[in-house]
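Trainee: Can you read through this structure? Questions will come right after.
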2 protein chains.
Amino acid sequence: MRQSKLFIPTLKEAPADAVAASHKLMLRGGYVRQVTAGVYAYLPLGYRVLTKVEQIIKEEMAKINVPEMAMPELLPASLWEESGRWQKYGLEMFRLNDRHGRQSLLGPTHEETFTQIVAKSIKSYKQMPIALYQIQNKFRDENRPRFGLLRTREFIMLDAYSFAATREQLDEQFNDEKKAFEAIFKRCGVNVTAVIADSGTMGGKNSTEFQAPAAIGEDTIATNETNTYSANLEMAVSVDTFKPSQEKEEAIVKVATPGQETIADLTKFLNVPATKIVKSILYIVNEKDHVLVLIRGDKQVNEVKLTHLLDADSVRVASDDELYQLTGLKKGSVGPINATWADQIIADETIKNLVNTVVGANENGYQLKNVNFDRDLKIDQVSDLRVANEGEPDPIDHLPLKFTTSIEVGHIFKLGTYYTEKMGADFLDQNGKSQPVIMGSYGIGVTRVLSAVIEQHLTKFGIAWPKEIAPFNLHIVQMKMKDEAQTRLAEQLEAEFSKNYDVLYDDRNERPGVKFADADLIGAPVRITIGKKASEGIIEVKRPSDEVATEMTTTELADFVNKELG
Amino acid sequence: MRQSKLFIPTLKEAPADAVAASHKLMLRGGYVRQVTAGVYAYLPLGYRVLTKVEQIIKEEMAKINVPEMAMPELLPASLWEESGRWQKYGLEMFRLNDRHGRQSLLGPTHEETFTQIVAKSIKSYKQMPIALYQIQNKFRDENRPRFGLLRTREFIMLDAYSFAATREQLDEQFNDEKKAFEAIFKRCGVNVTAVIADSGTMGGKNSTEFQAPAAIGEDTIATNETNTYSANLEMAVSVDTFKPSQEKEEAIVKVATPGQETIADLTKFLNVPATKIVKSILYIVNEKDHVLVLIRGDKQVNEVKLTHLLDADSVRVASDDELYQLTGLKKGSVGPINATWADQIIADETIKNLVNTVVGANENGYQLKNVNFDRDLKIDQVSDLRVANEGEPDPIDHLPLKFTTSIEVGHIFKLGTYYTEKMGADFLDQNGKSQPVIMGSYGIGVTRVLSAVIEQHLTKFGIAWPKEIAPFNLHIVQMKMKDEAQTRLAEQLEAEFSKNYDVLYDDRNERPGVKFADADLIGAPVRITIGKKASEGIIEVKRPSDEVATEMTTTELADFVNKELG
């Protein structure tokens, strides 16, 4: 491909509003342009990378016998009303009315559509297992689009869906997809960790995220050093190393703690460590129920875990006003004893072994001392409800947890019968009994992969693309377009290498400085500079990671290229 | 590919609301499913055909050095306000508000976006010519989606855009695209005619449509038998064969024609042929101007031609009420003499040579006889404004025009500076002078090509796909899955032919009747049936056009396949 025919509008400086390194590179290198907030055009260079990522996906899906298809992007509201997500999905869904006033939406994901079109047309267990995938534009009306392709309102996603007659079939399909995803990320050159994840609004209970460590990542993952345990911090479990006291249980004493509202206030005022105080926090669940959550004073409540325990649509801490209206209490004085206004009292495991602990007295300005779990408290449920801390032991090998910021590039779900039950997608099993189809769904943020790869492969002046997804494998840079010997050699090498590789030939009438700067941003694995020694058959070769270029004869070059790219 | 792993939900009968033959085939064969009115899912079989059409497009675009990229589908209203099309586009545009209340739209086409992102970033003539293309989903809120993929609300389109510094460059780009389009349609097996076309809301003056003759076509094209002239009926020009009378001009006479409103009434009442009467029709132009159009009594006004002549945004015949309010006249009495209420009087060429003709008297219930063009009328413009009739001579070779219904599958436009002037996309020419970039745009309705191909390649029981876009080249149909000799041979042939061809292997436990019926709908160019003589190495071969299958040895088969598909 001749560079003069490609549209690669490189920039000397990235616009000031670009913060992320990958975003800057994509703008400076002419890979993308923003059309409106969080909505991008993929220019030829960016599109080439996208195409290569997509090609890898297609090949790996073919290896596990999953065929490609395409659902529409414009969907009827009725479909999402069946699953209940038309109401649940919230502001992130783009909604519109057509000319006849019918409500529609732009698909943010396609569980409903696949359930409707595929799962519902499966009649017998004989037609399963089956799986399908698509690669297409998705739409989410992000409140604050940011970091280039990381958080956008229109993005490209691979989404695959599986349909099974049995749990065993689902497990096998899930494992196939997991392996395919790992192969895809490896070939794309993205370093990822598979972590335990929250299923969120997707439904189902069992899901795994693929997280790519990167400075601009919006997630935090917790892993141990041997990678035998890895989880999104939202789901991370740690072992509590606190050693409970062996002291004898004493009688409850009410103490005045005027004006003491926080744990820090109380530790000081009562001269006890935070580990000897129980925090009692009132939550509003599903905007109607009042749930009192107890946790040790040194820990924080993990609301994702709380949501899962309660199987809730929403949880949030009650405001001071709401608390006062319900209980007549101020924040620091709430406690679990005689909390008759609470619909439910639940506790984090950490408070189970506490002896002679401090709790709010349910009387403004007072605490109770010497409260003991088994003796004094009536708790509806005890569970792990706390945020894990870095350095705490993991639950498998008890090695210290390490936290890393990272980008979610993929997410796979065992949906089970979440959608098929709601939408009535049944089949007849081997005994002629009607059963709901068992589904899985599997997604890769294709455009987000670009952000992750770039974050992980930046160089001092540009980028070193992994070879399978580089927009071009080889970049031939001719110094003087008017030098006939150079042109002859450039065209000869272009013709020769184009047989096996994607070759970009910089045939522009530009100064060497401009050409080199652009080449750094294009980041081909091998750059060949054709200059003064062209007539002797000598060129210069440089990989993005090389500090300096190396002189070679064209014979040496052929070996070098095949070694690097073959 | 194993048929058991593909999702091909064939139907015995197409749903009753499917009218078009291609629509029925696509539903019965499990190629597509409707998700909501005019919005389709492309199932694996349909998607394979689409992918092959797209691959052909990619190859032909590469041959003319046009790189691929992708604009977003979600576009800001502001972009279309710059071109004026936000107002003009009407109800066919899907419009929506985002969570912050900003107006957006779903791209029905991308002239504005390419002008903004590409044309505006071209600074110098040195960067041109350049051209780019994308293949993506487009959205138009059709009032009445119909005929399967023919008229849908979400569809796939190839759209290419060219950017030139000179008219000569544009002409060259236009010709390149025209040739590429012809090659694409040929390889897809669609028979098309390139015709003179109306540019409609797209802007620009010069455009060519690619029309595929088909029963369900919504367009009519007029061609002569040698194809030296071909035009959309909207633009078709014919030679008027009417011989004017040689009689002497006589003095005007006013005659009473009480209650005579139509041409048919008048010919009877006055006993003159329609060719001796002039129709005077009042048009409302751009919803404000009153234009009186004169045409010979036996001809109809072509409103597309009228729109072009007036360079109007809209033209329509005035209602009886509007006519009466402006002139005090009823329909039959309107005429061109003393029509002081008309902003303009224009005439079709056919009235120029009439002698002693009849016109409305501008007095209710009266006509004027013996009116003569040069002597009596003051006409602002005379032009070809009539609808061509089948059988009339074409304007090139004077051969009779033949009309054919057809599907518009492609349309190419010389846009010129229509968008770049409005949106301020300028470059510096060789003399350092600022000029607007000269654009062209080029579109193929990819999903519509499917409809056209199918309409043109239906067989008695299914379809005969053209070989380059058949979902599979070879279909191996095994009669008895429990017969080991059959399985051995089927797997051997599958392995062998898969090296060079897309092979579908029907490995389902279904009755032969079911398998054959499905195979007719899948329409592979070569079908191999493996039955009783498998152990002797004998199979049956059938092309969709063959009445009966032919027995062959596997050796003969290899030659046959290479001859048919190679």
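Trainee: Right, A:V541: surrounded by fewer than 21 Cβ atoms within 10 Å (Cβ to Cβ), free of Cβ contacts under 8 Å to residues at least 24 places away in the same chain and touching a helix residue (DSSP H, G or I) at 6+ places or on another chain (Cβ under 7 Å) or not?
Mentor: Yes; evaluated as a whole, the condition is true for this residue.
Trainee: Let me ask something else about it. What is the one condition in (1) crowded, with 23+ Cβ neighbours inside 10 Å; (2) in contact with a Lys or Arg (Cβ under 8 Å, 6 or more places away or on another chain) that A:M26 does not satisfy?
Mentor: In the conditions (1) crowded, with 23+ Cβ neighbours inside 10 Å; (2) in contact with a Lys or Arg (Cβ under 8 Å, 6 or more places away or on another chain), A:M26 misses (2) alone.
Trainee: Considering only the range A:37-47, state which residues are crowded, with 24+ Cβ neighbours inside 10 Å and over 21 Å from A:L106 (Cβ atoms).
Mentor: Passing the criteria: A:L43, A:L45, A:G46.
Trainee: Right, here's the next one. Take A:D502 and decide whether it is of a type outside the set (K, R) and closer than 18 Å to A:G30 by Cα.
Mentor: No; evaluated as a whole, the condition is false for this residue.
Trainee: Being closer than 30 Å to A:S207 by Cβ, among the aliphatic types (A, V, I, L, M) and at pLDDT 95 or above is the filter here; which residues of the range A:311-329 pass it?
Mentor: A:V315, A:V317, A:A318, listed by residue number.
Trainee: Given (1) over 11 Å from the mean Cα position of the chain (by Cα); (2) outside the structural domain of B:M69 (by TED's automatic domain parsing); (3) within 27 Å of B:Y419 (Cβ to Cβ), identify the lone condition not met by B:L233.
Mentor: The one condition B:L233 does not meet is (3).
Trainee: Turning to a different aspect of this structure: Yes or no: B:I438 under 25 Å from B:G148 (Cβ atoms) and either touching a residue at least 60 places away in the same chain (Cβ under 8 Å) or more than 16 Å from the chain's Cα centre (by Cα) (or both)?
Mentor: Here the answer is no, as B:I438 does not meet what is asked.
Trainee: Restricting to the range A:409-424, name every residue that is in a strand (DSSP E or B) and among the aromatic types (F, W, Y).
Mentor: Listed by number, the list holds a single entry, A:F413.
Trainee: Another one. Examine the range A:63-73 for a residue that is of a type in the set (K, R), surrounded by fewer than 20 Cβ atoms within 10 Å (Cβ to Cβ) and within 12 Å of chain B (Cβ to nearest Cβ), and state whether such a residue exists.
Mentor: Looking through the range A:63-73, none of the residues is of a type in the set (K, R), surrounded by fewer than 20 Cβ atoms within 10 Å (Cβ to Cβ) and within 12 Å of chain B (Cβ to nearest Cβ).
Trainee: So if I check each of B:L450, B:L504, B:L493, which one is in contact (Cβ under 8 Å) with a residue 60 or more places away in the chain, under 26 Å from A:Q127 (Cβ atoms) and assigned by TED's automatic domain parsing to the domain that holds B:C188? So that I can check it myself, show each step before the final result.
Mentor: Working: B:L504 fails: assigned by TED's automatic domain parsing to the domain that holds B:C188; B:L493 fails: assigned by TED's automatic domain parsing to the domain that holds B:C188.
The match here is B:L450.
Trainee: While we're here: Within the range B:519-566, work out how many residues are farther than 17 Å from B:L489 by Cβ, small (G, A, S) and modelled with pLDDT of 95 or more.
Mentor: Residues meeting the conditions: 3.
Trainee: Can you name every residue in the range B:61-72 that is more than 20 Å from A:G30 (Cα to Cα) and charged (D, E, K, R)?
Mentor: Across the range B:61-72, the qualifying residue is only B:K63.
Trainee: While we're on this one: What are the residues in the range A:45-61 that are without any contact (Cβ under 8 Å) to a residue 60 or more places away in the chain and at the interface with chain B (Cβ under 9 Å from one of its Cβ atoms), if any?
Mentor: Answer for the range A:45-61, where residues must be without any contact (Cβ under 8 Å) to a residue 60 or more places away in the chain and at the interface with chain B (Cβ under 9 Å from one of its Cβ atoms): A:Y47, A:T51.
Trainee: Now a separate question. Taking A:T223 and the conditions (1) loosely packed, with under 14 Cβ neighbours inside 10 Å; (2) touching a Ser or Thr at 6+ places or on another chain (Cβ under 9 Å), which numbered condition does it fall short on, given that it satisfies the others?
Mentor: Failing condition for A:T223: (1).
Trainee: With respect to A:F174, determine if the residue is within 14 Å of the chain's Cα centre (by Cα), part of a helix (DSSP H, G or I) and away from every other protein chain (no Cβ under 14 Å).
Mentor: no
Trainee: Output the residues belonging to the range B:526-566 that are under 16 Å from B:T459 (Cβ atoms) and in a loop (DSSP other than H, G, I, E, B).
Mentor: Correct list: B:R543, B:P544, B:S545, B:D546, B:E547, B:V548, B:A549.
Trainee: Name the one entry in B:I412, B:I396, B:I379 that is of a type in the set (V, I, T) and surrounded by fewer than 15 Cβ atoms within 10 Å (Cβ to Cβ). Give the derivation first.
Mentor: Details: B:I412 fails: surrounded by fewer than 15 Cβ atoms within 10 Å (Cβ to Cβ); B:I379 fails: surrounded by fewer than 15 Cβ atoms within 10 Å (Cβ to Cβ).
Every option except B:I396 fails the conditions.
Trainee: Filter the helices (runs of 4 or more DSSP H) completely within the range B:75-138 down to those with at least 1 residues that are touching a helix residue (DSSP H, G or I) at 6+ places or on another chain (Cβ under 7 Å) and facing chain A (nearest Cβ under 9 Å).
Mentor: So the answer is B:77-83, B:111-117.
The values are calculated or read from the model by the stated rules, or taken from the named source; none is laboratory data. The model shown is predicted, which means the values in this text are computed figures rather than measured ones. Glycine also receives a Cβ, built like all others from the backbone with ideal geometry; neighbour counts cover every protein chain displayed.
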